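Just so it is clear, none of the values below were taken in a lab; they were calculated from the coordinates. All of these numbers come straight from a predicted model, not from anything done at the bench. Counting neighbours? That spans all protein chains shown, and the Cβs are built from the backbone with ideal geometry, glycine included.
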């Protein structure tokens, strides 16, 4: 199954979160670029990087933000694993990934917690693992 399919299955209650996370890590995602960096938003003290499973989902996001449909968003293609293993830890503060945020049945948050991001930047990792951080 694709990441999109795994998200739909988890949201409906029939999927397995560990399979979805594996698919997320293997998926090539589209991450819009804005102002020289990846487009993101902050909510509740967490920075959320936007990522999309395909151009259709990214176009709906752009339309929801009022972007003219004739305007193409600049984006990079990046593995989900790279987003959480390399990009998120390189940014200041807790950072997660918001996938397909404008798609009611296909959206999913991958928060900055143990098992998703590296332990040294996870917000829920015990102090003994992080050296007292």
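Specify whether the C-alpha gyration tensor of the chain places it in the rounded, prolate or oblate class, a ≥ b ≥ c being the square roots of the eigenvalues: rounded for a/c under 1.5, otherwise prolate if a/b is larger than b/c and oblate if not. It comes out oblate by the Cα gyration axes. For helix 17-26, report the angle its Cα long axis makes with the longest principal axis of the Cα atoms of the chain; keep it between 0 and 90° and round to the nearest 10°. So the inclination is approximately 70 degrees. In this simple spin-label model, placing a label point 7 Å from the Cα along the Cα-to-Cβ direction at both residue 92 and residue 68 gives a separation of 3.4 nm. Of all DSSP beta bridges confined to the stretch 29-130, the antiparallel ones make up roughly 70%.
Mind pulling the per residue volume of the convex hull built on the Cα atoms of the stretch 1-59? Å³ is fine. Mind dumping the intermediate values first?
Working: hull volume 6.7 nm³, N = 59.
Convex hull volume per residue, Cα atoms: 114 Å³.
Distance between the modelled labels on residue 5 and residue 120, one decimal in nanometres: 3.7 nm (7 Å Cα→Cβ projection). In terms of other Cβ atoms within 10 Å, 71, 53, 2 run from fewest to most in the order 71, 2, 53. Computed over the alpha-carbon pairs of the stretch 47-101, the distance histogram in 10 Å steps reads 22, 48, 27, 3 percent, short to long.
How do 75, 50 line up, fewest other C-beta atoms within 10 Å first? Walk me through the numbers on the way to the answer.
Working: 75 19, 50 23.
So the ranking, lowest neighbour count to highest, is 75, 50.
Relative to the longest principal Cα axis of the chain, at what angle does helix 55-64 sit, 0 to 90 degrees, rounded to 10? Tilt of helix 55-64: around 80 degrees.
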